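The values are calculated or read from the model by the stated rules, or taken from the named source; none is laboratory data. On a predicted model such as this, the values are computed, not experimentally measured, just so you know. All Cβ positions, glycine included, derive from the backbone under ideal geometry; neighbour counts span all protein chains shown.
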Amino acid sequence: MRKHIFNAGPSVLPVEVLKEASEAVVDLNKSGQSILEISHRGNTFESVVAEAKSLVKELLGLGDDYEVLFLQGGASLQFCMMPMNFLKETETAAYVDTGTWSSKAIKEAKLFGKVEVIGSSKAQNFNHIPKGFAIPKTAKYFHITTNNTIYGTQFQIYPDSPVLYFADMSSDFLSKEIPASKFDLIYAGAQKNVGPAGVTLVILKKELLKKIDKTLPSMLDYRVFAENDSLYNTPCVFGIYVCLLTLRWLKRKGGLKAIGKINDEKAARLYAMFDKHPLYVGHSEKEDRSKMNVVFMLSKPDLENAFVEACSKAGIVGIKGHRSVGGFRASIYNALPMESVEVLCGVMEEFAFRYDGAAVGSGSRQ
Ligand code: PMP
């Protein structure tokens, strides 16, 4: 029986995508070849890349002024590739520090130029999104992590930027409608909402490519990948193919508006548990709660092992929190069905009644 997969990434994929992908591993579209065996230079794969690119733009409502790249190295490579392309030693980039991944992005950017951290929630163990910060007009670019996978916080509104606007959207990419054209560059590892691990998507304004005036190693130069349609070297062929299948699935589901509504409902269902049972204490402040990663502790930490066991009995996997926060994390990405959320809520409900009586109150740490 299929598990209820709450993994933070790699994570759940739509069952129909898994079936299609597994058929293609044996025989791709009755071609007599596996997707694992075809050349990345042939028409077949070129059309896979072209369709995947066009679906990303269509879903985000972006036009021909944007380029979509399929790269490798994870979002972590983008932490350095982005400043390597756009930041010089004498220039300053403005970053908001909202957790582990932003902190890593900041560390890498410092290798290429100056970094001003204009907002941080580090002192409160990243339990909220900093607000009211000023973005210096002199900055080369402004960078945010839109969803903080480990801490369960998410930018609900993207602040306006007077300078180039870059975002790590790894854990909420294509999960809801967004004003995508507000951004000059978006990057995301595929392994949460778009496909398997091994593919990183970079969406950037074509105009931006003209602003790169450095000599760079080819494999770290956006211009090289743009000129070669992501096929400068051998890409992650299978990974990109599974991304295409997932993008088609997302379009069939009704696109970002439809998936955003479902994701809102899933998140609301889970967060309602915190308000009902004081046993569950959310990490994030209410207004910044993530719709992708629901992070919570037990008010009686000695019950943690029993809770893990109750989840496991119900077929739930991937619920343990990241070591830097502890507790639990339910990652409820696009492909996680409402049914899995219902199963988790059922376990939470039953567990709270068994170990904490029928206490009702606010379980949110505000
Ligand atoms: N940014 C965010 C928001 C993430 O959640 C992650 C991975 N969980 C990363 C960056 C790093 O991604 P990768 O492992 O693909 O390098």
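Structure data summary
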| item | result |
| --- | --- |
| Matching residues in segment 227-285 - criterion: being part of a helix (DSSP H, G or I) and among the hydroxyl-bearing types (S, T, Y) | Y241, T246, Y271 |
| Of residues in segment 202-226 being assigned to a loop (DSSP other than H, G, I, E, B) and more than 23 Å from L62 (Cα to Cα), the one farthest from the ligand (Cβ to nearest atom) | D213 |
| Looking only at segment 173-195, and only at residues there that are in contact with a helix residue (DSSP H, G or I) (Cβ under 9 Å, 6 or more places away or on another chain), touching a residue at least 60 places away in the same chain (Cβ under 8 Å) and within 9 Å of the ligand (Cβ to nearest atom), the one that is farthest from I319 (Cα to Cα) | Y187 |
| Candidate set from segment 272-312 (those that are among the hydroxyl-bearing types (S, T, Y) and touching a strand residue (DSSP E or B) at 6+ places or on another chain (Cβ under 6 Å)); member that is farthest from E177 (Cα to Cα) | S299 |
| Filter result for the condition that a residue is surrounded by fewer than 21 Cβ atoms within 10 Å (Cβ to Cβ) and within 21 Å of the chain's Cα centre (by Cα), over E116, E177, E91 | E177 |
| Subset of segment 318-343 [closer than 17 Å to M1 by Cα and touching a His at 6+ places or on another chain (Cβ under 7 Å)] | S340, V343 |
| Meets criteria (closer than 30 Å to E23 by Cα, buried (at least 18 other Cβ atoms within 10 Å of the Cβ) and in the same structural domain as L344 (by TED's automatic domain parsing)) for N263 | yes |
| In segment 53-82, the residues that are within 16 Å of the ligand (Cβ to nearest atom) and assigned to a helix (DSSP H, G or I) | G74, A75, S76, L77, Q78, F79, C80, M81, M82 |
| Residue within segment 357-364 that is at pLDDT 95 or above, on the phi < 0 side of the Ramachandran plot and in contact with a helix residue (DSSP H, G or I) (Cβ under 8 Å, 6 or more places away or on another chain) present | no |
| Identity of the residue in segment 121-136, out of contact with any strand residue (DSSP E or B) (no Cβ under 8 Å at 6 or more places or on another chain) and not in a loop (DSSP other than H, G, I, E, B), that ends up farthest from N293 (Cα to Cα) | A123 |
| Out of V163, V199, sole residue that is more than 16 Å from the ligand (Cβ to nearest atom) and either touching a helix residue (DSSP H, G or I) at 6+ places or on another chain (Cβ under 6 Å) or more than 21 Å from V56 (Cα to Cα) (or both) | V163 |
| Pairs, first farther than 21 Å from P83 by Cβ in segment 116-136, second basic (K, R) and in a loop (DSSP other than H, G, I, E, B), C-beta under 8 Å, six or more apart | N127/R365 |
| Segment 137-181, residues that are hydrophobic (A, V, I, L, M, F, W, C) and assigned to a strand (DSSP E or B) | F142, I144, L164, F166, A167 |
| Test set (1) over 26 Å from the mean Cα position of the chain (by Cα); (2) in contact (Cβ under 8 Å) with a residue 24 or more places away in the chain - F353 fails condition number | (2) |
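Here's the yes/no breakdown for (1) away from the ligand (no atom under 12 Å from the Cβ); (2) acidic (D, E); (3) surrounded by fewer than 23 Cβ atoms within 10 Å (Cβ to Cβ); (4) modelled with pLDDT under 95:
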site	(1), (2), (3), (4)
Y95	yes, no, no, no
S102	no, no, no, no
N127	yes, no, yes, no
K131	yes, no, yes, no
I135	yes, no, yes, no
T149	no, no, no, no
Q154	no, no, no, no
